[in-house]
Amino acid sequence: MEDSAFEELVSQNQDKLLRTCYLYLRDRQLAEDAVQETFLKAYRSLPDFRGDSSQKTWLTRIAINTCRDLYRSEWFRHLDRRVTPEDLPERGASFSSREESLIVEVMRLPRKLREVTLLYYYHGMDEREIAEALDIARSSVSDRLSRARKKLKGMIEGRDEA
Amino acid sequence: MREEAERKAFQQAVDRRLSTLTGDPRLALKIRVQALQEGEPKMKKKISFALVSALALVLISAVALAAANWASIREFLGQEGTVARMNIVEEAIVKPEITVYDGKVLDIQANEAYWSEEGLSLTFHVAAKEADKMVVYYGGEIEPDENGMLWFDGESISLEDWRQGREMLQYDIWVEPTLEGWAYFQRDETGESYIMTLFGCDEKLLAKGCEMQLRVRVENMQTGDVEGSGMTIKLPPMTKQEGRK
């Protein structure tokens with residue numbers, strides 16, 4: 001892959017992957033590590049990329065599995081797993097309190113529910129793609145999404161403007 | 001249509017609230033350089049093979065090994081067949097003392113400390129103060145499978161049958177300032193034995209005796225109540241020993 005193409009791949013995807021990894025790992029430093037590792041894996045395996053899925057889906061799959069690996073190592077580095085709005089990164093663009101609450105509640109979801117929620121809602125993957133990405137049954141994806149929706153108590157539905 | 005609207009709202013919420021979370025503009029260059037150098041990703045030392053093995057070992061053997069005295073450093077780290085298999089010098093095992101623990105829901109007892117080339121190993125026994133609650137180590141990831149079943153030693157049991165009406169207190173213990181390390185845990189009928197080995201401790205402090213600050217977090221998995229507390233342990237002067245056999 002040409003340098004310029006790889007730079008484009010990184011620049012187009014890294015913000016979204018960084019936010020995904022942050023929501024998954026609940027730790028900014030770990031999320032940055034995960035994104036770096038994701039792109040390194042992608043760079044090394046690009047020649048083997050078969051194009052069965054979009055590059056975006058392929059990258060997301062690498063990222064979420066990198067997070068899964070890191071998750072098991074995260075236990076010792078964290079300071080506190082309580083998630084409150086104050087724990088989130090500094091504010092930038094305007095947003096509603098409902099949006100902030102949604103972020104916090106997603107971060108509080110159990111890991112297995114959190115990962116399907118991120119893939120389905122943030123990355124727009126369908127249940128089949130999620131099942132393939134996580135190497136689980138499609139019925140498990142449906143079940144976890146259903147449980148995640150219940151836990152989020154309808155927070156995903158409806159939208160209010162900032 | 002509704003799903004698309006929900007997705008759009010979700011994406012908008014994330015991108016708005018986390019708008020300051022942006023990537024490194026030089027990341028592509030860094031990756032190429034790193035790949036050219038054929039090096040590993042520049043990441044902090046993460047989980048060791050020992051931890052993966054230990055967690056798997058603990059989960060699959062929780063029933064079979066319930067009778068073993070895993071709270072003992074000699075038993076846990078020194079025996080053939082255990083993951084660490086260290087040369088344990090019994091005289092070098094010291095008794096740490098918890099001088100401060102302000103948590104309300106757990107009883108924590110510090111049992112032993114041992115300093116070797118592997119790091120500083122500390123053992124604790126963790127139990128719930130109330131009989132209708134049980135402790136579960138955070139790293140154990142007690143999560144039912146798709147059919148709602150937990151698996152131990154090849155046997156499955158439903159989460160509800162396993163906890164028998166008790167509330168689950170998911171706990172974690174770590175040192176501050178944060179150090180890398182690994183941990184083992186083992187359940188018994190009274191609670192859990194938790195053993196951590198920390199890398200990179202200040203050797204001068206260990207040699208002359210010191211106090212160590214830890215954090216304990218407990219989350220009640222049924223009620224969602226969370227308790228974060230501090231714990232201070234006092235270590236007598238220690239002598240560094242050889243590592244693995």
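Miscellaneous remarks
- Pick from segment A:32-41, criterion hydrophobic (A, V, I, L, M, F, W, C) and crowded, with 24+ Cβ neighbours inside 10 Å, ranking: nearest to the other protein chains (Cβ to nearest Cβ): A:Phe39
- Qualifying positions in segment A:1-30 - within 12 Å of the chain's Cα centre (by Cα), of a type in the set (Lys, Arg) and part of a helix (DSSP H, G or I): A:Lys16, A:Arg19
- Test: residue in segment B:202-210 that is within 14 Å of chain A (Cβ to nearest Cβ) and either basic (Lys, Arg) or surrounded by fewer than 17 Cβ atoms within 10 Å (Cβ to Cβ) (or both): no
- Check on A:Arg28, surrounded by 23 or more Cβ atoms within 10 Å (Cβ to Cβ) and either under 15 Å from B:Gly23 (Cβ atoms) or β-branched (Val, Ile, Thr) (or both): no
- Residues satisfying the stated conditions in segment A:128-146, i.e. within 11 Å of chain B (Cβ to nearest Cβ) and crowded, with 16+ Cβ neighbours inside 10 Å: A:Ile136, A:Ser140, A:Val141, A:Asp143, A:Arg144, A:Leu145
- Segment B:1-11, residues that are part of a helix (DSSP H, G or I) and more than 7 Å from chain A (Cβ to nearest Cβ): B:Arg2, B:Glu3, B:Glu4, B:Ala5, B:Lys8
- Qualifying residues in segment A:1-22 (those that are within 12 Å of B:Leu21 (Cα to Cα) and surrounded by fewer than 23 Cβ atoms within 10 Å (Cβ to Cβ)) - the one farthest from the other protein chains (Cβ to nearest Cβ): A:Lys16
- If only residues of segment B:21-41 that are over 25 Å from A:Glu90 (Cβ atoms) and more than 7 Å from every other protein chain (Cβ to nearest Cβ) are counted, the one that is modelled with the lowest pLDDT is B:Glu40.
- Among the residues of segment A:104-119, those that are farther than 18 Å from B:Leu18 by Cβ and in a helix (DSSP H, G or I) comprise A:Arg111, A:Lys112, A:Leu113, A:Val116.
- Residues of segment B:171-194 satisfying the condition of being in a strand (DSSP E or B) and facing another protein chain (nearest Cβ under 9 Å): B:Asp172, B:Trp174, B:Val175, B:Glu176, B:Gly181, B:Trp182, B:Ala183
The values are calculated or read from the model by the stated rules, or taken from the named source; none is laboratory data. The model shown is predicted, which means the values in this text are computed figures rather than measured ones. Every residue, glycine among them, receives a Cβ derived from its backbone with ideal geometry; neighbour counts consider all protein chains shown.
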